[in-house]
1. Between S52 and R84, what's the calculated FRET efficiency when r is the beta-carbon distance and R0 is 25 Å? Round to 0.05.
2. Say we join alpha carbon atoms closer than 10 Å with springs in a Gaussian network model of the chain; which of G55, G65, G42 then has the biggest fluctuation?
3. Kirkwood Rh over alpha-carbon pairs of segment 17-72, then Stokes-Einstein at 25 °C and 0.890 mPa s: what D in µm² s⁻¹, rounded to an integer?
4. How many Å² of accessible area per residue for the chain, probe 1.4 Å?
5. Assign unit charges at the C-beta atoms only (+1 for Lys and Arg, -1 for Asp and Glu), then state the dipole size of the chain relative to its Cα centre in Debye, rounded to the nearest 20.
6. Given a 1.4 Å probe and every protein chain left where it sits, what share in percent of the accessible area of the chain is carbon and sulfur?
7. Output wanted: per-residue J couplings in Hz (rounded whole) for segment 22-38, from phi through Karplus 6.51 cos²θ - 1.76 cosθ + 1.60, θ = phi - 60°, x for Gly and Pro.
8. What ranking of T112, T77 comes out by heavy-atom accessible area, probe 1.4 Å, highest first?
Amino acid sequence: QVQLVESGGGLVQAGGSLGLSCAASGRIFSIDSMVWYRQAPGKQRELVASISSAGSTNYADSVKGRFTISRDNARNTVYLQMNRLKPEDTAVYFCNAAQGFRYYWGQGTQVTVSS
């Protein structure tokens with residue numbers, strides 16, 4: 001079993017920044033993609049950003065140019081740097097990791113952006 005723990009959420013004003021991290025532990029041998037999702041109240045889950053084991057990244061159009069995903073394979077950690085935050089970025093952010101055809105989720109961390 002792989003456990004994922006997100007951290008770094010909080011309350012910021014519009015235009016501010018937050019950095020999220022997600023650390024994996026447990027039975028880790030080779031994590032493939034690591035992905036950040038978010039879900040706001042009453043809305044569908046949205047893929048925010050993903051990063052492959054080789055470092056290739058992909059972003060939702062809504063965050064492109066503002067968010068940066070990165071990973072540290074030695075630490076089994078994925079990061080999401082969020083800049084120029086907007087109120088519509090408010091959501092619970094979840095980390096997802098794929099390993100050996102299994103998928104794992106973190107518990108989520110709340111990001112709230114005030115106007």
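The values are calculated or read from the model by the stated rules, or taken from the named source; none is laboratory data. Please read all numbers here as calculations on a predicted model, not as lab measurements. Counting neighbours? That spans all protein chains shown, and the Cβs are built from the backbone with ideal geometry, glycine included. Accessible surface areas use protein heavy atoms only, side chains included; no ligands, DNA or RNA. Shrake-Rupley method; radii C 1.70, N 1.55, O 1.52, S 1.80 Å.
1. Details: r = 25 Å, r/R0 = 1.01.
E between S52 and R84, to the nearest 0.05, is 0.50.
2. Looking only at G55, G65, G42, the largest GNM fluctuation is found for G42.
3. Details: Rh = 12.7 Å.
This corresponds to a translational diffusion coefficient of 194 µm²/s.
4. Details: 6200 Å² over 115 residues.
So the chain comes to 54 Å² accessible per residue, rounded to a whole number.
5. Values: 11 positive and 7 negative charges, 6 e Å.
The calculation lands at about 20 debye.
6. Working: 2970 of 6200 Å².
Carbon and sulfur together cover 48 percent of it.
7. 3J(HN,Hα) across segment 22-38, in whole Hz: 9, 9, 9, 8, x, 7, 9, 10, 6, 8, 7, 6, 10, 9, 9, 10, 9.
8. Numbers: T112 50, T77 15 Å².
Result of the area sort, largest leading: T112, T77.
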